[in-house]
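Data first, discussion second: the structure below is written as structure tokens.
Each value in this text was obtained by applying a stated rule to the coordinates, not by laboratory testing. None of the values given here were measured: they were computed from a predicted structure. In this analysis, Cβ positions are derived from the backbone assuming ideal geometry, glycine residues included, and neighbour counts consider all displayed protein chains.
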Protein chains: 2
Amino acid sequence: MIITVVGLGVIGGSFVKALKGKGYDVYGVDCDQQTLEMAKAEGCIIEGYLDGHQIISQSDLTIICLYPSKVLDFISEHTFKKGSIVTDVVGIKSYFLNQALSRIDQDVEYISGHPMAGREKKGYLYASQEVFQNANYIVIQHEHNQIDKIEWMRQFVGQLGFKSVKIMSPYDHDEIISYTSQLPHTLAVALMNSDDEKYETGKYIGDSFRDLTRIANINADLWAELFFHNRDYLLASMERFEKQFDLLKQAIASGDEKSLKEMFWQSSKRREKLEK
Amino acid sequence: MIITVVGLGVIGGSFVKALKGKGYDVYGVDCDQQTLEMAKAEGCIIEGYLDGHQIISQSDLTIICLYPSKVLDFISEHTFKKGSIVTDVVGIKSYFLNQALSRIDQDVEYISGHPMAGREKKGYLYASQEVFQNANYIVIQHEHNQIDKIEWMRQFVGQLGFKSVKIMSPYDHDEIISYTSQLPHTLAVALMNSDDEKYETGKYIGDSFRDLTRIANINADLWAELFFHNRDYLLASMERFEKQFDLLKQAIASGDEKSLKEMFWQSSKRREKLEK
């Protein structure tokens, strides 16, 4: 079985590394020759290509690990093997999948995916099998997907170290992701930007501030795209957050110890449950 | 020089570990006999006491690593050596310091402190020298402090691995801490509590959600105390955050790409600066 991974950054690079020794014929496509040579030298790909047209036309599975708009360009510009599976790792699905399906050949099985993993740093050097270890994966099932292909995809991803692989619709994906991924990014950005810079902030922070603002260093082009194409769900999640934040504020302002502690107990209980 | 550390949890335990081999005579006071035995066996303290009255009366420096209200009880119940320095590690200062100064003997130099370090887990087992490595420390200078004693404290703390030791007033401390420590805790709690639990959340999270909610598992008694005694500064920080969050929301709702990206660039620039 021929698998081609397109874009050997942190995610694509982790795919080729996690696939090593699993019995597949893995190839890589990237715009950086050095990255391709490194992946080949490490035995993670059989061959690397700057131009993917030929290998893509022979691949049974193509894993496109590019930014959303680049995935759409790539799909438009390439012809995939008839009956093969093509997947992506894009963080929003409803809007994106409509675009992708309108571009791709009908005789290709397009199964969108979302590995909820990553690193702060970009590039193949930061890719590793560990990136996927204990992370969550979402396989997106749309109305035209074949059940057996979805099941194959679930099992395929299951070999790569993920803790959980869930199948869900693009709409459900976008709703839950607006809360678990996009809302945290809005909070980090707003937290960082609400600094009045009266003090030399970096000298007065602990790990909590570091942890909460790490993702405030954000790829503007990518996240503007992700936010705008998931606007309704994101705004709903932001509003749910605002309600809780306001309840906290009221309890603090009025000295309502009972309500404040109840909120702390609820968040503690939920956070503990999360790790189980 | 005799140093007694009171409360050998993560912070107190890290103090005795960081002090090992530095040439001081270090003693420990704790309510748990086993903890004292462990610290003695590791050579971190010369002797451990369940009742601290005698050793405290002989100590040149007493580092009280207990919860705020317990520190006040401890101060009230003990007699410190004349001319000795007493310090604490409490997270709020204006209210707390007034309370402490009204309880402590006039002939003792009370220098409040705040190591911005910690671990999620409690207890001596999680204490280590590494807890203080590259963390920030704030030495609080109030109007009755002697300058040379403050300077001694700054140098003393400087040996323990902290990246930065800053001297500031209790009011400035409480203002900056309302932003760098308390606000992140309110955000984590509100984020966790705004889950509508429609999905099995734990299966759809990545590291961003994990990082932002880690402190949502919060010690309710401690943090209610910290929040209420720093109410005005905390509410002001929460309001500054709300303004930024609202600007983000408006940009997303109206599709204002330019403004959204400017906010991303600002938060990214500030976050990068933080690590320098």
Under 18 Å by backbone N from the virtual spin label 7 Å along Cα-to-Cβ at residue A:261, the residues of the range B:82-125 are none
For a bin width of 10 Å, list the pair-distance distribution of the protein assembly as shown built from all Cα-Cα distances, rounded to whole %.
3, 17, 24, 21, 16, 11, 6, 2, 0
How do A:35, A:186 rank when sorted from fewest to most other Cβ atoms within 10 Å of their own Cβ?
A:35, A:186
Kindly write out, for the range A:206-222 in residue order, the coupling ³J(HN,Hα) from the Karplus curve 6.51 cos²θ - 1.76 cosθ + 1.60 (θ = phi - 60°), rounded to whole Hz, with x marking Gly and Pro.
x, 5, 4, 5, 4, 5, 6, 10, 3, 7, 6, 7, 10, 6, 4, 5, 4
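Residues with beta-carbon under 13 Å from that of residue B:149, excluding residue B:149: net charge, scoring Lys, Arg +1 and Asp, Glu -1?
Numbers: positive: B:154; negative: B:60, B:107, B:109, B:148, B:151.
Neighbour charge sum, excluding residue B:149 itself: -4.
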Which FRET efficiency value, to the nearest 0.05, is calculated for residue B:273 and residue B:232 with the Förster distance at 30 angstrom and r the Cβ-Cβ distance?
0.60
Measuring from the longest principal axis of the C-alpha atoms of chain A, the long axis of helix A:10-19 (C-alpha) lies at a number of degrees, nearest 10, equal to 50
Can you give the local net charge around residue A:201? Use residues other than it whose beta-carbon is closer than 12 angstrom to its beta-carbon, Lys and Arg +1, Asp and Glu -1.
+2
Return the sequence-ordered ³J(HN,Hα) values of the range A:268-276 in whole Hz as given by the Karplus equation 6.51 cos²θ - 1.76 cosθ + 1.60 applied to θ = phi - 60°, using x for Gly and Pro.
5, 4, 5, 5, 5, 4, 4, 7, 7
Over the C-alpha atoms of the range B:66-206, what are the Rg and the largest Cα-to-Cα span, Dmax, in Å?
18.2, 62
On a 0 to 90 degree scale, rounded to 10, what angle separates helix B:94-103 from the longest Cα axis of chain B?
20
Once you put a point 7 Å from the Cα of residue B:197 and another 7 Å from the Cα of residue B:133, both along the Cβ direction, what distance in nm separates them?
4.0
Rounded to the nearest 500, what is the 222 nm mean residue ellipticity of chain B from helices alone, with -39500 (n - 2.57) per DSSP H run of 4+ residues and division by all residues?
-14500 deg cm²/dmol
What nm distances, shortest first, do you get from the label point of residue B:54 to those in the other copies when the point sits 7 angstrom along Cα to Cβ?
8.7
For the protein assembly as shown, build the charge dipole from Cβ charges (+1 Lys, Arg; -1 Asp, Glu) around the Cα centre, then report which of A:224, A:182, B:4 sits farthest towards its positive end.
B:4
Starting from the amide H of residue A:116, placed 1.01 Å from N in the peptide plane, find each other amide H under 5 Å away whose residue is 5 or more places distant or on another chain.
A:136, A:137, A:138
Taking every residue in B:130-139, how many Cβ atoms of other protein chains lie within 10 Å of its Cβ, on average?
1
Assume the label is 7 Å from Cα along Cα to beta carbon: what separations in nm does residue B:41 have to the matching positions in the other copies?
4.9
Where does the Debye-calculated log10 I(q)/I(0) of chain A sit at q = 0.17 Å⁻¹, using only Cα point scatterers of equal weight, no solvent?
-1.42
Computed for the protein assembly as shown: size of charge dipole around the Cα centre, +1 on C-beta of each Lys and Arg, -1 on C-beta of each Asp and Glu, debye to nearest 20, value 560
Two-site label geometry, residue B:58 and residue A:220: point separation in nm, points 7 Å out along Cα→Cβ
6.4
Which chain A residue hugs the A-B rotation axis most tightly by its Cβ, and what is that distance in angstrom, to the nearest whole number?
A:211, 2
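Among A:57, A:181, rank each residue by its count of other Cβ atoms within 10 Å, from fewest to most, as a rough exposure measure.
A:57, A:181
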So what are the ³J(HN,Hα) numbers for the range B:228-243, from phi and the Karplus equation (6.51, -1.76, 1.60; θ = phi - 60°), rounded to whole Hz, Gly and Pro as x?
5, 7, 9, 3, 5, 5, 5, 4, 5, 5, 4, 6, 4, 4, 4, 4
Counting only pairs 8 or more places apart or on different chains, how many lysine pairs in the range A:107-195 have C-alpha atoms closer than 25 Å?
4
Starting from the Cα-Cα distance between residue A:41 and residue A:125, subtract it from 0.36 nm times their residue separation and give me the gain in nm to one decimal.
28.9 nm
For chain B, with only Lys/Arg (+1) and Asp/Glu (-1) charged at the beta-carbon, what is the dipole magnitude about the Cα centre, in debye rounded to 20?
840
Exam field: residue B:134 pseudo-label spacings to other copies (7 Å along Cα-Cβ), nanometres:
2.0
Taking each residue of B:162-172 in turn, how many C-beta atoms of other protein chains fall within 10 Å of its C-beta, and what is the average?
2
Residue among A:112, A:265, B:61 farthest towards the positive dipole end of the protein assembly as shown, charges placed on Cβ
B:61
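So how many Lys-Lys pairs in the range B:173-274 land under 20 Å Cα to Cα, not counting same-chain pairs under 8 apart?
Close lysine pairs under the 20 Å cut-off: 8.
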Taking the Cα centre as origin and putting +1 on Lys and Arg beta-carbons and -1 on Asp and Glu beta-carbons, what dipole magnitude results for the range A:39-177, to the nearest 20 debye?
320
